[in-house]
Amino acid sequence: MNKNCICRICGYDNSPDEFWDKNGNPEYLICPCCGCESGHEDINLMSIRNYRINWNNKGAQWKERKLRPKNWDKNSQLKNILDKYK
């Protein structure tokens, strides 16, 4: 799994497209799951945690509902998040 393809908010694997490049620069992509734009809402740990809390409090709704897998499990996906972003 490419860590740069994993959403820091919800753990969505956006492979092969990266949210962050190998130099740590944001690609400004919007996560189809939680709607976070890399380089904005996930720029620091405080904003990551706040966005995740708000997303969860709103029912963890998918931004692009047609892309949601039939057997999607939020808790399994959240396990993809790197420890430094939890």
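Being touching a His at 6+ places or on another chain (Cβ under 9 Å) and either modelled with pLDDT of 95 or more or open to solvent by less than 60 Å² (accessible area, probe 1.4 Å) (or both), is that true of even one residue in the stretch 31-51?
Here is the first cut: in the stretch 31-51, the residues touching a His at 6+ places or on another chain (Cβ under 9 Å) are 47.
Checking the rest, the ones that are also either modelled with pLDDT of 95 or more or open to solvent by less than 60 Å² (accessible area, probe 1.4 Å) (or both) come to 47.
Looking for residues that are touching a His at 6+ places or on another chain (Cβ under 9 Å) and either modelled with pLDDT of 95 or more or open to solvent by less than 60 Å² (accessible area, probe 1.4 Å) (or both), one finds at least one in the stretch 31-51, hence yes.
So for the stretch 32-42 (the condition being out of contact with any Phe, Trp or Tyr (no Cβ under 9 Å at 6 or more places or on another chain) and within 16 Å of I6 (Cα to Cα)), does at least one residue qualify? Break it down stepwise before answering.
Here is the first cut: in the stretch 32-42, the ones out of contact with any Phe, Trp or Tyr (no Cβ under 9 Å at 6 or more places or on another chain) are none.
Scanning the stretch 32-42 turns up no residue that is out of contact with any Phe, Trp or Tyr (no Cβ under 9 Å at 6 or more places or on another chain) and within 16 Å of I6 (Cα to Cα).
For residues in the stretch 1-30 being outside any loop (DSSP other than H, G, I, E, B) and open to solvent by 50 Å² or more (accessible area, probe 1.4 Å), which is nearest to Y85 (Cα to Cα)?
If we filter the stretch 1-30 for residues that are outside any loop (DSSP other than H, G, I, E, B), which is where we start, we get 3-6, 13, 20, 26, 30.
If we keep only those that are open to solvent by 50 Å² or more (accessible area, probe 1.4 Å) as well, we get 3, 13, 30.
Values: K3: 11, D13: 15, I30: 17 Å.
Taking the candidates together, the pick is K3.
Looking only at the stretch 49-86, how many residues end up being out of contact with any helix residue (DSSP H, G or I) (no Cβ under 8 Å at 6 or more places or on another chain), under 14 Å from G11 (Cβ atoms) and of a type in the set (G, A, S)?
Going through the stretch 49-86 one residue at a time, the tally reaches 1.
Looking at I30, I6, which is the one that is over 21 Å from S76 (Cβ atoms) and of a type in the set (V, I, T)?
Working: I6 fails: over 21 Å from S76 (Cβ atoms).
Matching residue, one of I30, I6: I30.
The values are calculated or read from the model by the stated rules, or taken from the named source; none is laboratory data. Owing to the predicted nature of the structure, the values given are computational and were not obtained by experimental measurement. With ideal geometry, Cβ positions are generated from the backbone for all residues, glycine too; neighbour counts draw on all protein chains shown. Please note that ligands, DNA and RNA were not included when accessible areas were found on the heavy atoms of the full protein model with its side chains. Shrake-Rupley method; radii C 1.70, N 1.55, O 1.52, S 1.80 Å.
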